[in-house]
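All remarks here apply to the structure that follows.
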Amino acid sequence: MALRPALAALMVLSAAGCGADAPEAPQVRAEPVALFPDDTGRRGVGALRYAGGLALASDSPLFGGWSAMEVSEDGTRLLAISDSAAWMTARLVYDEAGDLTGLADIVITPMLDTDGAPLSGERADAEGLAPLGGGRYAVSFERDHRIAVYEIGENWSQVETATPSSFPGLPGADRLRANAGAEALARLGDQLFAGIEDPIVDGQPNTLWRYDLSRLDTPPRSAAVTLTPGFGLTGLTADGEGGLLVVERFWARDVGNRIVLGRLSAEALSEPERILAPEPLAQLEPDMTVDNFEAVALAQINGDRRILILSDDNFNDAQRTLLLSFAWPD
């Protein structure tokens, strides 16, 4: 993507003034990035078209590790969680063409436990996020494998005070690897899908648990998902057509990150005995602007479908927090 001089400059965006007891409103630096660093005018990738992206950085100790996000239907507001148990809310900024150009009104606050204290230690590894309606959100956790529900309000104004309520447990949680549990959550109608990052049994497909939100007293059903060999399941969101968007992630020291954005159609999900395989939409390779993408959301910008993805920098100076936007043509 060709960068206009005004956008190529490093931007520093901060939230409006807040009181002493308000959640943190940090300064976040947002630098526009091209999808192909060596060919900045190139935008097409698979079935998608690049629609702007940002490399984000902040000196706030709470900034980083973003593992899941939701975006308002009109694409103007972002809600994210980190694997160090923090919430972030922000306003997304676009240019006249609808390309993503910045973040504003950023607020970051710790995620609380049932006693109202910040989560810490093994219980703080938040990974998946999904709306349940009425301002209630399901959050999945690794290490201490579980799903909890937070009531943060439809405008997300209660993130600084919300405490968790319980949700039915993950089947076979004692068999999950510490850092490979319910990495991804998504809601479709009356179903909540929880995606397990790695196969529970080596060599077998990944597991996708389906909770019936209208009958939480019944155990969730499982579905098998075959991913690209060597990739893990890190993100899910509703695709707006009764299916799911899927983020698959690969990393190797001598290769770096590779990401596949795919889709499980409503038709495929309707066949409970079928072994599912996401249909690829696009693949991000090491020669592109890529990092450890775990979060995905869908929105409508100027009437066009947009897929947004956000990376987890693992609080590692060698990695970046990237927020990228892609147009998904009908």
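Take N292 and tell me if it is modelled with pLDDT under 95, polar (S, T, N, Q) and closer than 25 Å to D83 by Cβ. In short, no. Under the condition of being among the polar types (S, T, N, Q), more than 29 Å from R143 (Cβ to Cβ) and surrounded by fewer than 16 Cβ atoms within 10 Å (Cβ to Cβ), the residues counted in segment 76-118 number 1.
Of all residue pairs spaced 6 or more apart or on separate chains, none has beta-carbon atoms under 8 Å together with a first member in segment 305-326 that is without any contact (Cβ under 8 Å) to a residue 12 or more places away in the chain and a second member that is surrounded by fewer than 18 Cβ atoms within 10 Å (Cβ to Cβ).
For segment 199-239, residues that are surrounded by fewer than 18 Cβ atoms within 10 Å (Cβ to Cβ) and without any contact (Cβ under 8 Å) to a residue 60 or more places away in the chain total 20.
So which of D217, D190 ends up being at pLDDT 95 or above and among the charged types (D, E, K, R)? That would be D190, the only listed residue that is at pLDDT 95 or above and among the charged types (D, E, K, R). Say whether the condition of being free of Cβ contacts under 8 Å to residues at least 60 places away in the same chain and acidic (D, E) is met by at least one residue in segment 275-289. Checked against the condition, which is being free of Cβ contacts under 8 Å to residues at least 60 places away in the same chain and acidic (D, E), segment 275-289 yields at least one hit.
Is it true that some residue in segment 155-165 is more than 17 Å from the chain's Cα centre (by Cα) and not in a loop (DSSP other than H, G, I, E, B)? Looking for residues that are more than 17 Å from the chain's Cα centre (by Cα) and not in a loop (DSSP other than H, G, I, E, B), one finds at least one in segment 155-165, hence yes. Taking strands (runs of 3 or more DSSP E) as the structural unit, those lying wholly within segment 3-105 and holding at least 1 residues that are modelled with pLDDT of 95 or more correspond to 28-32, 48-57, 66-71, 77-82, 86-94. For I259, the test of being aliphatic (A, V, I, L, M), buried (at least 18 other Cβ atoms within 10 Å of the Cβ) and either at pLDDT below 95 or closer than 26 Å to E96 by Cα (or both) is failed.
The values are calculated or read from the model by the stated rules, or taken from the named source; none is laboratory data. Since this is a predicted model, take the numbers as computed values, not measurements. Cβ atoms come from the backbone with ideal geometry, glycine included; neighbour counts cover every protein chain shown.
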